[in-house]
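Have a look at the structure below before the remarks.
Readers should treat all values here as calculations from the given coordinates under stated rules, not as data from a laboratory. Only a predicted model underlies this, so the values are computations on that prediction, with no experimental measurement involved. Here the Cβ is made from the backbone with ideal geometry for all residues, glycine too, and neighbour counts use every protein chain on show.
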Amino acid sequence: MKGDRVEIVVDAGDTTRTYEVVASRAGRRVETAVRRGVVEVSEVTRSGTVVRTARFMANRVLALVEQPIPREENSDKAG
């Protein structure tokens, strides 16, 4: 959903670097996958078309933080 984002913290030798992939438009989402030693973070449309992709070597990734936007809950619970 628009606003979903994933932060990737990568070891860059003597320092760390932080990258961010954000679902920039309505109907898009951010997907993550780990395949063959590569971490892949992609912004995907509703139809499944990949808009952009960020790839990192898995042994260099220190943290992968998924941050979904807060969803509004329309619940009228009696309590």
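Quick notes
- Charge sum, other residues only, whose C-beta stays under 12 Å from Ala23's C-beta, Lys/Arg counted +1 and Asp/Glu -1: +2
- Between Glu7 and Met57, the contour length at 0.36 nm per residue exceeds the Cα-Cα span by 16.5 nm.
- Length available on full extension from Thr16 to Gln67: 0.36 nm per residue minus the Cα-Cα distance, which gives 16.4 nm.
- Treating each Cα of the chain as one equal point scatterer and applying the Debye formula with no solvent, the log10 of I(q)/I(0) at q = 0.23, 0.28 Å⁻¹ comes out as -1.04, -1.30.
- Electrostatic tally near Thr49: other residues with Cβ closer than 14 Å to its Cβ, Lys and Arg +1, Asp and Glu -1, net +3.
- Sorted peptide list for 43-49, 2-8, criterion being average Cβ within 10 angstrom, highest first: 2-8, 43-49
- Neighbours of Val38, meaning other residues whose beta-carbon lies under 13 angstrom from its beta-carbon, give a summed charge of +3 when Lys and Arg score +1 and Asp and Glu score -1.
- Spacing of the modelled spin labels on Thr49 and Ala33, each 7 Å from Cα toward Cβ, amounts to 1.8 nm.
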